[in-house]
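Engineer: To start, I am sharing the structure in question, which I have written as structure tokens.
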Amino acid sequence: MSLQELKDKIAWSMEEAWLKDNVDAMDEIFASDIVLTMFPFPDIKGLEAVKQGVRVQLQAFSDIRWDAEEWVGEDNTIVFRYTLYCKHTGVSLNLPVPPTGKALVLKSCDVFHIKDGKIVEMLGYRDYLGMIQQLGLMPSPGQK
């Protein structure tokens, strides 16, 4: 599979899972034994656990969309840099605070390692500090 085909498949599965609540679409591109590292949280191991994590996040955030800023691929690695937009409308295990209704903008980057046409490892980076500040849980620099 070419890098462009892999990129297209990743984008399709992300749109299906996050925008259409069809997490089973992840079966098409993610290996059953995937390891997801989403700093600073503990690793999530296995596709079913990753899909459950998406379901939990979909309970906490709505109006999800993103703007792709950059796709870079070489050998068996693809990097996707984007801005994530969402609204905090529920509670998640990772963010156990009452819904604020606030719109969030998070700079994000995902690194996908691929073997035999499937993602076997994903490293996710999000601006969680910015998210906490946007939610009003911590002041931004220069604020009191």
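Engineer: With the dipole of the chain worked out from charges on the C-beta (+1 for Lys and Arg, -1 for Asp and Glu) around the Cα centre, which of SER32, GLY101, PRO139 lies farthest toward the positive end?
Structural biologist: Comparing the listed Cα positions along the dipole, PRO139 ranks first.
Engineer: Ok, one more. What lysines does LYS9 reach when the alpha-carbon gap must be under 28 Å and sequence neighbours fewer than 8 apart in one chain are set aside?
Structural biologist: The qualifying lysines are LYS20, LYS45, LYS51, LYS87, LYS107, LYS115, LYS118.
Engineer: Given Cβ point charges of +1 (Lys, Arg) and -1 (Asp, Glu) and nothing else, what value in debye, to the nearest 20, does the dipole of region 3-134 about its Cα centre take?
Structural biologist: Here region 3-134 has a charge dipole of around 580 debye.
Engineer: Something else now. Tell me the Kirkwood radius of region 3-134: reciprocal of the mean inverse pair distance over distinct alpha-carbon atoms, in Å.
Structural biologist: It works out to 15.1 Å.
Engineer: Averaging over all projection directions, find the projected area of the Cα convex hull of region 1-79 and quote it in nm² with one decimal place.
Structural biologist: 5.7 nm²
Only the coordinates and a few stated rules stand behind these numbers; no lab work does. Values in this document were obtained by computation on a predicted structure and should not be read as measured data. Every residue, glycine among them, receives a Cβ derived from its backbone with ideal geometry; neighbour counts consider all protein chains shown.
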